[in-house]
Amino acid sequence: MAILRIALPVPKRQLFDYLLVGQAPEVGVRVRVPFAGRQLIGVVFEVSEHSEWPLEKLKAVSSVLDSQPVLNPVQMQLCQWLAQYYKHPVGEVVHTVLPVALRKGGSNQARPQQMWTLTDEGHKQDIDTLSRAPKQQNALRQLAKQPLEKTMAAKTLGAGVIKALADKNLVQLVSHEVSHDASSKLSFTQQIKLQSKPQANVQQAIAISCIEANLGRYGSFLLEGVTGSGKTEVYLQAIESVLLQGQQVLVLVPEIGLTPQTVQRFQQRFGIKVGVLHSALSDNERLQVWQQSAAGQLGLVIGTRSAIFTPMLVPGLLIVDEEHDSSYKQQDGLRYHARDLAVMRARSENIPLVLGTATPALETLNNALSAKYQHLLLSERAGNAQLAHQHVLDIRQQVLQFGVAKGMLDRIDQHLQQGSQVMLFINRRGYAPALLCHQCGHVEQCQRCNKPFTLHLSLHRLQCHHCSEARAIPRCCSQCQATELVSMGVGTEQLEQGLSGYFPQYRTVRIDSDSTRGKQKLDTMLNKINNNEYQILIGTQILSKGHHFPNVTLVVILDVDGALYSADYRAAEHLAQLVTQLAGRAGRADKPGEMWLQSHEPGHPLLQDLINNGYAHFARYALLERQQANLPPYSYQALFRAQAATARLAHDFLQQISHLFSQQSGIVCIGPIPALMEKRQGQYRMQLLLQSQQRSVIQQAISQVMPQIENLGNSSKIRWSVDIDPQEFS
């Protein structure tokens, strides 16, 4: 009889003891156990002969689900670190780390793969007879070389093309048993077919050499390169060395939209299958990549934030692309930062970590400047490309058409006539951010959030972007019954409509979370942009993140003023990163590029510093400001959030927490104060900020006080959380 200490997905900061009759399983194995009248899936963290509870009170394990651990020792160690550092229940940490299919109790045995292959008739078919159906001809030629997995075949060859060939009895779907035996491990090393690579310039060669010199041991590198300087080429050449040594590489990218073009480029260079992980995949697709990487069958895995948990049999290198991006920080549940976790994982696996960006986060830059990370610089664009010239356009007292100044419309026209593409950025989706009564001034508001509804004209509805409540556009004002309702402000939808009417001879595309909803839709749009099927590109932040548009020569940012006076001290940093990243979308090939910022505050020091001195100068000056203000990275923060049916309940709860911390030395409490958005989804939201000069002080203080917080009298009426190293205060 063994006593198993098990992590369960419940909001309790402890392990639970259960009895098991028979041979004890290994640590890291999943079990099914009874808990509070239901069956839960947990993971074994310890096997012991003793328990602090009487044996007769311990329940028995219902079943052991795995013969081998689903979490390896490094993953178990990271789970413990995540629970301790982010002050989160260890069972919920494990729940987050595991793929959804394993959380639900699904088998960890590899499923048979469905493969498209040629039939006997397909082998006999003369491919030249399909010349009138070139896509079918190409698909048949590809499948003659090697069978393709069902999903991959649909993506690369087209589901309709495959169906047409199947209807002709030329291809068939067969089940292929997946083996995880020793012969399948590191099989990617036999598949590598290296393509020719460009000659690295001096700075790239230095960066590649530094990374390669650290293979086989831990080291963190900040690869700071201006947009278009060839950071991806540095990744590729470093990855080549790792793969040829029979080791695996994990690459993190911030957005789903970046994965298709990244995967395509990496596959072309190395000729191997690349594992892809992001939220648009099914549970089984994600599990398959997890299993193949754990078994050493994949040499390269590319994914978004949660891919950091992917196991590797023979880890060799970790890369975090666009490391500054805020999407690497999880904003609910386990509020981990994938970049920071990557540092811990690289140290645990004893492998190098590369953090790449043109606009490093101030925390990362400070680590590089203080020699915690090795700093690698790429200061010149690859090839003949030149950095875009940046300008500020004073729009005070100017007439704006759908948010664009007349002079800027003329500038757009000039670039379009030269056969180039132009990009306009406005970070507001929908037609307009508010609907107003022209008679009484009433603004239609979401009562649950106390925020104006956004007008979506194409959907003929008003929608709250904070809680998703929606209603039809009213015919009259709800206050005075007047019928003269007017939109206020500009969104992507209105900008698209206006530019389509102003430039009818050119095609316009809008890229935001509304227009890109659906599988492969964003990828299709990006391909059409690169094929020059669209000349005018309109979008939100999706457009700013690392995309390569060689024909874009003009970028216009319509509204930069909103971030200049934000209450969030990180707003200036985020604006500077956004402006610099957007400037990098212009002039990436041999055509010169330019960027214009429309502003009512053209003389603002932040804008002038960015335009005249660049991000590197801004970032170092911003670090000096942070140091003088005693803000991160020169101090450490934790944010307690509370929300309740009334503001008083949330405030009083945080006030009690503040009192508990007032007895701790070295901790400064700020608040409780309302969140930047005080009401959301009918709940009032308050915040309490803790700050300390030392990370260890704030960590120890929270650990000591947490049991008292959980026992506060009215905690059951409050929804609360703690966010270590918060990135936003909304």
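Structure summary
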item: Positions within the stretch 554-566 being in contact with an Asp or Glu (Cβ under 7 Å, 6 or more places away or on another chain) and either buried (at least 23 other Cβ atoms within 10 Å of the Cβ) or not assigned by TED's automatic domain parsing to the domain that holds Q418 (or both), in sequence order; result: L554
item: Count of the stretch 322-355 residues which are of a type in the set (D, E) and touching a strand residue (DSSP E or B) at 6+ places or on another chain (Cβ under 6 Å); result: 3
item: Condition check for I538: assigned to a helix (DSSP H, G or I) and outside the structural domain of D325 (by TED's automatic domain parsing); result: no
item: Within the stretch 530-543, tally of residues that are hydroxyl-bearing (S, T, Y) and out of contact with any strand residue (DSSP E or B) (no Cβ under 7 Å at 6 or more places or on another chain); result: 1
item: Whichever residue in the stretch 6-30 is in contact (Cβ under 8 Å) with a residue 60 or more places away in the chain and charged (D, E, K, R) and, among such residues, is nearest to V43 (Cα to Cα); result: R30
item: Candidates A644, A583, filtered to the one that is hydrophobic (A, V, I, L, M, F, W, C), within 30 Å of D723 (Cα to Cα) and in contact (Cβ under 8 Å) with a residue 40 or more places away in the chain; result: A644
item: Meets criteria (within 28 Å of M677 (Cα to Cα), among the basic types (K, R) and not assigned by TED's automatic domain parsing to the domain that holds E533) for R475; result: no
item: Of residues in the stretch 350-380 being charged (D, E, K, R) and more than 23 Å from the chain's Cα centre (by Cα), the one farthest from Q77 (Cα to Cα); result: E380
item: Subset of the stretch 376-402 (residues that are closer than 30 Å to S209 by Cβ, surrounded by fewer than 17 Cβ atoms within 10 Å (Cβ to Cβ) and at pLDDT 90 or above); result: L377
item: Per-region count, the stretch 274-305, residues outside any strand (DSSP E or B) and either among the aliphatic types (A, V, I, L, M) or within 26 Å of G230 (Cα to Cα) (or both); result: 11
item: Identity of the residue in the stretch 516-545, out of contact with any Leu (no Cβ under 9 Å at 6 or more places or on another chain) and among the hydroxyl-bearing types (S, T, Y), that ends up surrounded by the most Cβ atoms within 10 Å (Cβ to Cβ); result: T540
item: Matching residues in the stretch 655-690 - criterion: being assigned to a strand (DSSP E or B), closer than 21 Å to S703 by Cβ and of a type in the set (S, T, N, Q); result: Q687
item: Per-region count, the stretch 681-702, residues under 16 Å from Q643 (Cβ atoms) and basic (K, R); result: 1
item: Selection from the stretch 691-727 of residues that are part of a helix (DSSP H, G or I), among the β-branched types (V, I, T) and either within 20 Å of Q14 (Cβ to Cβ) or touching a Ser or Thr at 6+ places or on another chain (Cβ under 7 Å) (or both); result: I698, I702, V705, I709
item: From A638, A650, residue being of a type in the set (A, V, I, L, M), in a helix (DSSP H, G or I) and in contact (Cβ under 8 Å) with a residue 12 or more places away in the chain; result: A650
item: Any hit, the stretch 630-649, residues being surrounded by fewer than 15 Cβ atoms within 10 Å (Cβ to Cβ) and among the β-branched types (V, I, T); result: yes
item: Residue within the stretch 491-508 that is crowded, with 18+ Cβ neighbours inside 10 Å and in a loop (DSSP other than H, G, I, E, B) present; result: yes
item: Restricting the stretch 233-270 to residues that are out of contact with any His (no Cβ under 9 Å at 6 or more places or on another chain) and of a type in the set (V, I, T), the residue that is nearest to H375 (Cα to Cα); result: V234
item: So Y684, is it crowded, with 17+ Cβ neighbours inside 10 Å, in contact (Cβ under 8 Å) with a residue 40 or more places away in the chain, closer than 17 Å to I724 by Cα and among the aromatic types (F, W, Y); result: no
item: Residue match in the stretch 153-171 (condition: closer than 30 Å to P11 by Cα and surrounded by 17 or more Cβ atoms within 10 Å (Cβ to Cβ)); result: no
item: Selection count, the stretch 438-449, where residues are part of a loop (DSSP other than H, G, I, E, B) and under 29 Å from the mean Cα position of the chain (by Cα); result: 2
item: Flag for G614 being assigned to a loop (DSSP other than H, G, I, E, B) and either surrounded by 14 or more Cβ atoms within 10 Å (Cβ to Cβ) or free of Cβ contacts under 8 Å to residues at least 60 places away in the same chain (or both); result: no
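Here is a yes/no grid of residues against (1) in a loop (DSSP other than H, G, I, E, B); (2) within 29 Å of the chain's Cα centre (by Cα); (3) not assigned by TED's automatic domain parsing to the domain that holds P360:
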| residue | (1), (2), (3) |
| --- | --- |
| P198 | yes, no, no |
| Q204 | no, yes, no |
| E212 | no, yes, no |
| G216 | yes, yes, no |
| S220 | no, yes, no |
| E224 | no, yes, no |
| S229 | yes, yes, no |
| T232 | no, yes, no |
| A238 | no, yes, no |
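Residues checked against (1) among the acidic types (D, E); (2) surrounded by fewer than 19 Cβ atoms within 10 Å (Cβ to Cβ); (3) touching a residue at least 24 places away in the same chain (Cβ under 8 Å); (4) in a strand (DSSP E or B):
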{"site": "S348", "(1), (2), (3), (4)": "no, yes, yes, no"}
{"site": "L355", "(1), (2), (3), (4)": "no, no, yes, yes"}
{"site": "A371", "(1), (2), (3), (4)": "no, yes, no, no"}
{"site": "M408", "(1), (2), (3), (4)": "no, no, yes, no"}
{"site": "H415", "(1), (2), (3), (4)": "no, no, yes, no"}
{"site": "R428", "(1), (2), (3), (4)": "no, no, yes, no"}
{"site": "L436", "(1), (2), (3), (4)": "no, no, yes, yes"}
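The values are calculated or read from the model by the stated rules, or taken from the named source; none is laboratory data. Worth saying up front: this structure is predicted, and the values here are computed from it rather than measured. For neighbour counting, all protein chains shown are included, and Cβ atoms are generated from backbone atoms with ideal geometry for every residue, glycine included.
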